[in-house]
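Here the structure comes first, spelled out in structure tokens, and everything after it is commentary.
Only the coordinates and a few stated rules stand behind these numbers; no lab work does. For clarity, every value in this text was computed on a predicted model and none was experimentally measured. Note that we place each Cβ from the backbone using ideal geometry, even for glycine, and neighbour counts take in every protein chain shown.
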Amino acid sequence: MTLNTIVNPNLVAGSEHTPRWNEPEFRRGGFHNLHNTARYNMSLRAPRVLSLRKQIDWKIGERLDVARFLAMPHFSAFVVVREDRILYEAYAPDFGPDRPHPLMSITKTTLNLMLGRLVADGSVSLDERVDTYLPEIGSGYAAATVRATADMNVANDYDEFRDWNYAVSGLVLPPEGCKEETFRSWLCGITGDDLQNRTGYELYKSANSEVLGWIIERASGRTLRDWLIEIVEAAGLAGCLHMICDREGVPEISGGACLSARDLARYGLLFARMGEGVDGRQVGNAAFIEDTRRNPGPPQKKPFEGMRYSRQLETDGFWLGHGGSGGQYMLANPETGTVVVHFSVLENESRHDSDLRVLLMKMMAAVAAE
């Protein structure tokens, strides 16, 4: 018997090859439910949870810079955690403390923890070429060093806004009649000639992160899933880490994670504690994280003066953080042991607002420093 079917409307590419869930009109609902939208997904949970007790400091919410962001229409969640205390939290009416939200590119920060351990034990050298570990990789990365790849310092033919492939992670349907690629086959197709970055600034490419994830699997002999299980357990997450994958089960390590705001704060505490997890589990390398802060990679362009990209993290030399498409940011200050988390859903065409993000980062850095 043949039954009628229709194409999943959420996964149809609209303008600019953007899936419907990510178009401005549908984006807020799309982001708040992305963990249920992706065709391929894995879910990981910790056996023991880091207990967080409320010790609310109402002065945080009374700050004008904080109140401004909490009042914006794109706001979803804001959490401030120090050690095991929630110092402040706020949520939009259509969101809440247990709701998962896409981290987007904040997901990349997991690679700093993984890479740090492999560098420390000698399994990976930052100065080796990518094709030392991945001989099958294409010309877009073969001659690049691991360091340049981690620091967003590679010049190749990939463009972040033109070439990112939603179809690989099952977030948009491929064109009719086209074969569905996997992350690894897609990466091998990226081309390049002179890979040296001559701009003097960061060249942001999510493909770099996918390459690093592949190197980590190859050098360690362990799957990214195994690495992520360790991180989830060390963070003591209360809910699930939802991770979008390709059809082969390879996690979208550049931007596929979804967590609640509290759990993202629990995860961020791994950086505040310099890689140490609950029960003394070491999932990052303290020396590597410190070197990430103190010896960062290329500077970022205006309006992000004073900021540099370093081993899948952003830093001003003191705090560590990362943003994500739509207005997300996580910031960890190892000096104060504080993590600040912000979720939002920008409903403009580009999903970005650089000037607003600068103000957000300054606000979060100030809160974390106090």
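Across the range 349-358, a minimum of one residue is classified as under 28 Å from R27 (Cβ atoms), in a loop (DSSP other than H, G, I, E, B), touching a residue at least 12 places away in the same chain (Cβ under 8 Å) and in contact with a Pro (Cβ under 7 Å, 6 or more places away or on another chain). Taking (1) within 22 Å of the chain's Cα centre (by Cα); (2) touching a residue at least 60 places away in the same chain (Cβ under 8 Å) in turn, L126 satisfies each apart from (2).
When G337, G280, G275 are screened for being under 30 Å from T145 (Cβ atoms) and either out of contact with any His (no Cβ under 8 Å at 6 or more places or on another chain) or free of Cβ contacts under 8 Å to residues at least 12 places away in the same chain (or both), only G275 passes. Only helices (runs of 4 or more DSSP H) whose full extent lies in the range 27-136 are considered here, and the ones with at least 1 residues that are crowded, with 20+ Cβ neighbours inside 10 Å and β-branched (V, I, T) are 64-70, 110-120, 130-133. Apart from one condition, G189 fits all of (1) of a type outside the set (S, T, N, Q); (2) in contact (Cβ under 8 Å) with a residue 24 or more places away in the chain; (3) at positive phi; (4) surrounded by fewer than 20 Cβ atoms within 10 Å (Cβ to Cβ); the exception is (3). Regarding G277, is this residue in contact with a helix residue (DSSP H, G or I) (Cβ under 9 Å, 6 or more places away or on another chain), closer than 30 Å to N197 by Cα, crowded, with 18+ Cβ neighbours inside 10 Å and of a type outside the set (A, V, I, L, M, F, W, C)? For G277, the condition - in contact with a helix residue (DSSP H, G or I) (Cβ under 9 Å, 6 or more places away or on another chain), closer than 30 Å to N197 by Cα, crowded, with 18+ Cβ neighbours inside 10 Å and of a type outside the set (A, V, I, L, M, F, W, C) - is not met. Counting only residues that are in a loop (DSSP other than H, G, I, E, B), in contact (Cβ under 8 Å) with a residue 60 or more places away in the chain and either buried (at least 19 other Cβ atoms within 10 Å of the Cβ) or touching an Asp or Glu at 6+ places or on another chain (Cβ under 6 Å) (or both), the range 297-309 holds 3 of them.
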